[in-house]
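In what follows, a structure is listed as structure tokens, so that the remarks can point back to it.
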Amino acid sequence: MATTDPFVIAVYGRVSDPRQAQLGHSIETQLADARKRADAMFGEHQHVVREYVDSGLSGAYPPEQMLGRGMAPRAVRPALTSLLADADNHEIDFVFFFEVGRAARDEEIHFFVQRWLEERDIGFRYLEVDVDPTTEDGKLLTGVMGLMAAHFRRVNARRIKQAWRARFAAGYPPGGPAPFGFDWEPREAVPSGGRRGYVRNEEQARWVRWMFDQYQAGWTTTRIADELVRMGVPRSRGDTITWDGGVVRKILMHPVYAGLLRTQDGELIHAQWYEDRMWEPEERELILKRLKRNRKLGSTTVNKAEYLLNGILTCAHCGRRLYAGHTPGGRRQYWCRGEHAECPGLQKVAEPVESAVVAVIRELAASTDVRELAAQQVVSILAGEAERLQEQLAALEAKLAVCDTRLDRLTDLRLDGELTQEEFAAQRKRLTDERTEVEQQADAVRAELEGQSVREAELAAIEAVLADFDRVWDALDDQEKHEALFTAVERAELRRAGPDDLELRLQVHYLPERVLHLPSGIRRGAGPGAAGLMPRELAYLKHRRDGRSDHDIAALFDVTVQSVIKLRGAIMSRLEVEDVSEAVALASRRIDAELHALPLRGRLRARRRNQPGFTWTEKRRQILRGLAAGEPRAQLAARMQHKPETLLERIRRMRKAAGVETNQELVEWARRTGLID
């Protein structure tokens, strides 16, 4: 024990759940009992009490000192970390823990903390037992108690998981706040030993159904949210959280409103409130399909509806959707970044592509023969799908009959004494599980057959778009035109067909593919050529010629991918070409003649080291001052309002930026460069 006077006594308290306060284990109770014991033991000596508190943290979380000693990275307990750091610096003389389980609920952590304190001659006690844990008997007793605390934690975790699985199996949610449109069933309405489920909140359910109807009518999720805000519709958690498009999207996607519950395995099952569902599971599938389709509209553009083929047009070389945006001159365009070595990248002004697609659909819609062919295809698809489903259902029902026969046979064998009880139970369980699985497959097929009417409505909508396309197209706004093309077009691919040609492969639903040839729009000889390219631009083109992607080049240049994409845009703008391969071809001769291995990576790092003010913020300077002053890491993390692991990561990044290996070298470098005094 340290001989400094007064004694510094540390008391440690922890709760992982506020409900523990009801059992007399609140933080205040733990600290008060520890202070009483400290006064009783050290009353004749002058002493100071320090409090270390971890609130809302599990006893299975380790102190930071255990990380890297066989303990995988995880959340840590900052107060326990500070306590051990102060013990290491001999700033405390004695430690009181309320219980063994308060100090640790993991045997590795328990023995680590005890060994850490013993090696530094720091005394400690557990208030729940009147024994010195540093003696042989004390080590035995507290060791057993530590093992029991860890065992009870694992048992409780297993019981909670089993209870959740039982609730899921019965169709009940595990807990938490009820979603908008539902309330938890009142406790007084639940019989003794029963489970609480959801009941419909009629006022909120009316608005949920309204969202669904408006979305089906063509409204966007943002428009629905704006209207809810305008009408003053309250949220289930009060008025502090407002409506937005993301909240509406989550409600429309959530399986709870279709009477479904997602289990821990990700499977959707019928929930306890299935009879109170707000729409059918088949209707939810249509919503998900439309939301997924609309999600493809997302891009870096400001006005998504301005690009009629955004989310439809893909690159035939790499299979990715084309990006939509403006050229440096302000023209709308679609392009592929060519992020894969096998993709040459391509770029095309938007107007010719959109005009070609609209012209093809106008031509198809104006032809009576084509519309009749589409209608025949729809009928054929529906009939073929129904026949396939009927055949699949018949096969599954036959399997069910076989399972029933085998179960009957198994019962006869048991009655005849040919099977023991254990053999009978094992085989019966296997056959029952097999029958349940087949029954679930049959139910899914039956549901798909029942959803044929929904499928018919979807196909009828596509037919309606073709039938009215030519008549109503010019009267539609950009968003409606966007929706019409998404409904009508199944696939649209753009590919490089030659040095001056782009090929557009277009397929309208249920009709043969059309192939259109578009001029690439490359203007040869109009630009300054490769003479005006900078060395870094030449290096980029050389790497692209060698088959590297933008991601690979970003790693070589030690910059972000976005910076490389901007560099590529500047090159193509300078050369006035629309394809990376054309830029490589124009610059190839100069690449071979002039470009040598440029140490861009090292140059960029050196520039960063020589310009510390560009990246070194005041917070980083404060961390450097703390390291220079020898401030304990836990105390530094608390002062900077960082988690310990966040502070470690920030220090690691600073060492990397400075090009040093240790914290001491980092401090010396910061002093040399003037970052700190």
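The values are calculated or read from the model by the stated rules, or taken from the named source; none is laboratory data. Just so it is clear, the structure is predicted and the values come from calculations on it, not from any experiment. Here the Cβ is made from the backbone with ideal geometry for all residues, glycine too, and neighbour counts use every protein chain on show. Only protein heavy atoms, including side chains, enter the accessible area calculation; ligands, DNA and RNA are left aside. Shrake-Rupley method; radii C 1.70, N 1.55, O 1.52, S 1.80 Å.
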Worksheet item: Quick one: if the Förster radius is 25 Å, what FRET efficiency do HIS90 and GLU649 give, using the C-beta to C-beta distance and rounding to 0.05?
Response: 0.30
Worksheet entry | Portion, in percent, of the accessible area of the range 144-279 that falls on carbon or sulfur, probe 1.4 Å | 52 percent
Worksheet entry | Those lysines that a straight Cα-Cα span of less than 27 Å connects to LYS139, excepting residues fewer than 8 apart in one chain | LYS36
Discussion item. I'd like the distance between the alpha-carbon centres of the range 426-440 and the range 107-129, rounded to an integer number of Å.
Written reply: 53 Å
Practice prompt. Kindly list the residues of the range 166-185 that lie in the label zone of ALA75, defined by a backbone N under 14 Å from the point 7 Å along the Cα-to-C-beta vector.
Written response: none
Response to the item:
By accessible area (1.4 Å), largest first, ILE160, ILE287 order as ILE160, ILE287
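Using R₀ = 45 Å, calculate the FRET efficiency as 1/(1 + (r/R₀)^6) where r is the Cβ-Cβ separation of GLN635 and LEU288; round to 0.05.
Plugging the Cβ-Cβ distance into 1/(1 + (r/R0)^6) gives 0.35.
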Worksheet item: Once label points are set 7 Å from the Cα along Cα→Cβ at both LEU147 and GLN264, what is their separation, rounded to one decimal in nm?
Response: 2.7 nm
Fill in: Distance between modelled label sites at ASP213 and ALA401, nm, 7 Å Cα→Cβ extension
4.7 nm
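For an R0 of 56 angstrom, estimate the FRET efficiency from the Cβ-Cβ distance between GLU306 and PHE42 and round to the nearest 0.05.
Details: r = 76 Å, r/R0 = 1.36.
Rounded to the nearest 0.05, the efficiency is 0.15.
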Worksheet item: Where only protein heavy atoms count, and the probe is 1.4 Å, what is the accessible area per residue for the range 165-206 in Å²?
Response: 58 Å²
Discussion item. Straight-line reach from LYS250: which lysines fall under 22 Å, measuring Cα to Cα and dropping same-chain residues less than 8 apart?
Written reply: LYS289, LYS292, LYS296, LYS304
Worksheet item: What is the spin-label model distance, in nm, from ARG154 to SER192 if the labels are put 7 Å beyond Cα along the C-beta direction?
Response: 3.7 nm
Fill in: With DNA, RNA and ligands ignored, accessible area of PHE557 (1.4 Å probe; Å², nearest 10)
10 Å²
